[in-house]
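Each remark here refers to the structure printed beneath this line.
The values are calculated or read from the model by the stated rules, or taken from the named source; none is laboratory data. Quick caveat: nothing in here was measured; it's all calculated off a predicted structure. Using ideal geometry, Cβ is built from the backbone for each residue, glycine included, and neighbour counts are taken over all protein chains shown. Just so you know, the surface numbers come from the protein's heavy atoms only, side chains and all, with ligands and any DNA or RNA stripped out. Shrake-Rupley method; radii C 1.70, N 1.55, O 1.52, S 1.80 Å.
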Amino acid sequence: ESFPEPILFSLTSEQLTKLDQVFSERLNKINLSAGIDGAATVKRLAPIVAKVAMILNILRRFEEGNIYNQNSCHPDDFKSAMIIAEVILSHVLSTLKIMKDERIENIYQGKKKDYYYALPNEFTYRDSQTIAEDLGIKLKTAEKWVHAFRNKGFLINPEKGSYLKVA
């Protein structure tokens, strides 16, 4: 409140170049291994690095009592933000791998998979039973399958008797 103007933060030109270089390399590498989901994460992560560096830098300035209207990013804060981003990216890639392995087509085969794909994005218990009959699936079996889909996280059950597919 004591500043008449907003506090401005900027990365140095060297830091911007490094950020662009590292994330361009990561984008190319991730695009091949994790596809569009991984690439989207890398694209979001670069601005997050700048925000984390800004927070670390401002905290450093507060501790030192040296808050100015214009603050250039300290090299240690930039380095820390890049390390944090690397850890985040490794966790995201692990999660994406797990998610890829747990896709419906990797878990279920035959009629069970066909039944899942026959279900609309939103449906009721009664709808699931009608679809089961149309596919020649026993009603008790279909009921078990719907519960299995829900327990695996492919469906949510927002209220009794209604279901939503999780994209």
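General remarks:
- Only one of the listed residues (GLY65, GLY136) is at pLDDT below 85, surrounded by fewer than 12 Cβ atoms within 10 Å (Cβ to Cβ) and at positive phi. That residue is GLY65.
- Test result for ALA148, in a loop (DSSP other than H, G, I, E, B), modelled with pLDDT under 95 and under 18 Å from ILE104 (Cα atoms): no
- Considering only residues in region 82-125 that are in contact with a Ser or Thr (Cβ under 8 Å, 6 or more places away or on another chain) and open to solvent by 50 Å² or more (accessible area, probe 1.4 Å), the one that is modelled with the lowest pLDDT turns out to be LEU93.
- The residues of region 149-167 that are surrounded by 13 or more Cβ atoms within 10 Å (Cβ to Cβ), farther than 12 Å from PHE123 by Cα and free of Cβ contacts under 8 Å to residues at least 24 places away in the same chain amount to a single one, ARG150.
- Candidate set from region 51-72 (those that are in contact (Cβ under 8 Å) with a residue 12 or more places away in the chain and among the aliphatic types (A, V, I, L, M)); member that is nearest to GLU5 (Cα to Cα): ILE67
- LYS79 meets all of the listed conditions (1) open to solvent by less than 90 Å² (accessible area, probe 1.4 Å); (2) assigned to a helix (DSSP H, G or I) but one, namely (1).
- Scanning region 1-17 for residues that are hydroxyl-bearing (Ser, Thr, Tyr) and open to solvent by less than 70 Å² (accessible area, probe 1.4 Å), we see that the one that is modelled with the highest pLDDT is THR12.
- Exactly one residue out of ILE131, ILE156 is outside any helix (DSSP H, G or I), more than 30 Å from LEU19 (Cα to Cα) and in contact with a helix residue (DSSP H, G or I) (Cβ under 9 Å, 6 or more places away or on another chain), and it is ILE156.
- Looking across region 18-45, the residues that are surrounded by fewer than 19 Cβ atoms within 10 Å (Cβ to Cβ) and within 13 Å of MET82 (Cα to Cα) come down to LYS18, ASP20, GLN21, VAL22.
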